[in-house]
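The values are calculated or read from the model by the stated rules, or taken from the named source; none is laboratory data. Given the structure is predicted, the values throughout are model-derived calculations rather than measurements. Here the Cβ is made from the backbone with ideal geometry for all residues, glycine too, and neighbour counts use every protein chain on show.
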């Protein structure tokens, strides 16, 4: 009788666990898993003649603050965007020791470069 009761309890536990697993599996089929969250505001710095970070990830509607400092040669920096890409913001003029903000309203990748310092480029990826 004891073996029957143990087996019976064991079987009941297995049925309960199996039922619970089936309910959980069925209830999650319509759930969309959230992706990574991206900031609404991000600073891009110009230490020397680079943009840092070189790739800036933000959310749609987010703002990049370009913190333009004086370069080692005493010049300022600018950020020119490919205007043929839909959603690209207006260019950042040559400035130094100031902050210029640009808001990105469309998803996509927006490359930019500094005309004062060849090879100084970056991109904003809007998610």
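Some observations on this one:
- Selection within the range 98-126 - in contact (Cβ under 8 Å) with a residue 60 or more places away in the chain and out of contact with any strand residue (DSSP E or B) (no Cβ under 8 Å at 6 or more places or on another chain): 119
- In the range 74-84, residue surrounded by the fewest Cβ atoms within 10 Å (Cβ to Cβ) [restricted to those that are within 14 Å of residue 97 (Cα to Cα) and either within 28 Å of the chain's Cα centre (by Cα) or in contact (Cβ under 8 Å) with a residue 12 or more places away in the chain (or both)]: 75
- Candidates 34, 39: the one that is under 26 Å from residue 108 (Cβ atoms), part of a loop (DSSP other than H, G, I, E, B) and modelled with pLDDT of 95 or more is 39.
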